[in-house]
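Written below as structure tokens is the structure these notes are about.
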Amino acid sequence: MTVKKRPKLSPEYIHPEALKIVKRLQREGFATYLVGGCVRDLLAGIQPKDFDIATQASPKQVKKNVPDAYIIGKRFRLVLVKRGTDLFEVATFRRDPKPDEVSVDEKFLGDNLFGTPEEDANRRDFTFNGLFYDPVKDELIDYCGGMKDVRNHTVKMIGDPYKRLEEDPIRILRALRLAHKLDFSIDSTLRAAMTELAPALGKSVLPRRREEILKILRLPDPSLTLMEAHDLGLLNQIFPTLNEVYRNMEQLSEFNCYLGRLQEFVLDIENPAELFGYFMLAYYRSAVNSDPYAKVIASDFLKDEKLKKFMALELGMFNLEQSMVAKALEMQSRLKKTANPEDPRNHLVQSESFPLAMMMARADYALSADKLLKWETALQQVVKKPFKKRR
């Protein structure tokens, strides 16, 4: 029997290109480490998706010494290094500005003041995100007590939680998401601050909230995260429309049933249209219409003020994503009634919303096995490539 090794803080689990970047900058005399989420995830036994790098080198020095490096950003200038399809962010150690350094003319000064590794660590949000790892020396550097919190399986804020959450209310959602991703508990002081400052979350910038929502939907079971968001009083601030479902036990049971099976039916979990499409299906079936064969008119769906508000103002869905969901629901209601799915003249298969309609049909168990196979075969013939296998 082969025992699969869990990722751990060790050079063998580091992306080789990230390791090369660290080595190159260290050879030039710049203190350089892996930082943040990749260190945290490795310590928690999770293989990171991204490897971020923090360095003593300025953005110009990084660009000079590392091939295929590009300086990006204005508010927070950093370097993006391309290696094939992989991207690595290299940020210079930052520090907070002193009172006499803040001026009207230097609007973004506080995000571009370079400092020491310790000053940089203390600017970060949670203690485990302030950890640095030197993969060359295989050495962990901990200025904020992050290792202790990893051992205790605790999400804890660096500094005063009330002040740090007021600075950036999105950290409320981040704390909740990371707790569920890592299976950690939330520090009691941080938890109290999250509840008290929940109204600030409702006033946060929608595009950033959208990104956190998508990350929550990528968790193994987002229904657990949303349930805790309801318990903390967060849901009413960001999803007042969905919050109504949480006050109706029958609707909530149906919604959670769908949401708990998200990864079973969403084929590309990185695709926002698919994630939002499945999420809206879960809401629609639990709160609007539970009948998968009921006729849906896309134009009527998009004119519904409540649905429009939910999608646009609460979820932050783009117009194209909203339109695809509406068309997919309309299409799904027609799939069972179509006599010959494999007819090459069938216009349903040609629509960009058709794969989404198929996902909805599978999640609703709305088609017989024979009919489902015929529709998937028809789609294969159109796109000229195998239909992506389910997980």
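Brief remarks follow.
- Residue among ASP142, ASP120, ASP149 that alone is without any contact (Cβ under 8 Å) to a residue 40 or more places away in the chain, in contact with a strand residue (DSSP E or B) (Cβ under 8 Å, 6 or more places away or on another chain) and surrounded by 19 or more Cβ atoms within 10 Å (Cβ to Cβ): ASP149
Per-residue answers, yes or no, for (1) farther than 21 Å from LYS74 by Cα; (2) within 25 Å of the chain's Cα centre (by Cα); (3) modelled with pLDDT under 80:
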| residue | (1), (2), (3) |
| --- | --- |
| ASP86 | yes, yes, no |
| LEU109 | no, no, yes |
| GLU118 | yes, no, no |
| PHE132 | yes, yes, no |
| LYS137 | yes, no, no |
| ASP142 | yes, no, no |
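- Any chance LEU206 is out of contact with any Cys (no Cβ under 9 Å at 6 or more places or on another chain), over 25 Å from HIS153 (Cβ atoms), of a type in the set (A, V, I, L, M, F, W, C) and not assigned by TED's automatic domain parsing to the domain that holds GLY277: yes
- The condition (being in contact (Cβ under 8 Å) with a residue 60 or more places away in the chain, in contact with a strand residue (DSSP E or B) (Cβ under 9 Å, 6 or more places away or on another chain) and of a type in the set (A, V, I, L, M, F, W, C)) is satisfied by just one residue among LEU78, LEU87, LEU43: LEU43.
- Residues that are at pLDDT 95 or above and either within 19 Å of the chain's Cα centre (by Cα) or among the charged types (D, E, K, R) (or both), drawn from region 149-164: ASP149, VAL155, LYS156, ASP160, LYS163, ARG164
- When GLU17, GLU28, GLU12 are checked against the criterion of being of a type in the set (Asp, Glu) and surrounded by fewer than 12 Cβ atoms within 10 Å (Cβ to Cβ), a single residue qualifies: GLU12.
- Among residues of region 198-245 being of a type in the set (Ser, Thr, Tyr) and at pLDDT 95 or above, the one that is farthest from LEU262 (Cα to Cα) is THR241.
- Candidates GLY316, GLY277, filtered to the one that is under 13 Å from ALA328 (Cβ atoms) and within 22 Å of the chain's Cα centre (by Cα): GLY277
- Any hit, region 33-54, residues being surrounded by 13 or more Cβ atoms within 10 Å (Cβ to Cβ), β-branched (Val, Ile, Thr) and more than 21 Å from the chain's Cα centre (by Cα): no
- Positions within region 285-325 being in a helix (DSSP H, G or I), within 20 Å of SER353 (Cα to Cα) and among the acidic types (Asp, Glu), in sequence order: ASP300, GLU321
- Residue match in region 26-43 (condition: part of a loop (DSSP other than H, G, I, E, B) and β-branched (Val, Ile, Thr)): no
To keep it simple, each residue is scored yes or no on (1) within 23 Å of GLU254 (Cα to Cα); (2) surrounded by fewer than 16 Cβ atoms within 10 Å (Cβ to Cβ); (3) in contact (Cβ under 8 Å) with a residue 60 or more places away in the chain; (4) in the same structural domain as PHE255 (by TED's automatic domain parsing).
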| residue | (1), (2), (3), (4) |
| --- | --- |
| TYR283 | yes, no, no, yes |
| ALA287 | yes, no, no, yes |
| TYR293 | yes, yes, yes, yes |
| ASP300 | no, yes, no, yes |
| LEU307 | yes, no, no, yes |
| PHE310 | yes, no, yes, yes |
| LEU315 | yes, no, yes, yes |
| LEU320 | no, yes, no, yes |
| SER333 | yes, no, no, yes |
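- Scope region 343-388; condition among the aliphatic types (A, V, I, L, M), in a helix (DSSP H, G or I) and at pLDDT 75 or above; matching residues: LEU356, ALA357, MET358, MET359, MET360, ALA361, ALA363, ALA369, LEU372, LEU373, ALA378, LEU379
- Odd one out for PRO67 among (1) outside any strand (DSSP E or B); (2) within 21 Å of PHE51 (Cα to Cα); (3) at pLDDT 95 or above: (3)
- Taken over region 233-265, the residue count meeting the criterion of being part of a loop (DSSP other than H, G, I, E, B) and surrounded by fewer than 18 Cβ atoms within 10 Å (Cβ to Cβ) is 5.
The values are calculated or read from the model by the stated rules, or taken from the named source; none is laboratory data. What you are looking at is a predicted structure, and each value in this text was computed from that prediction instead of being measured. A quick note on method: Cβ atoms are made from the backbone with ideal geometry, for glycine too, and the neighbour counts reach across all protein chains shown.
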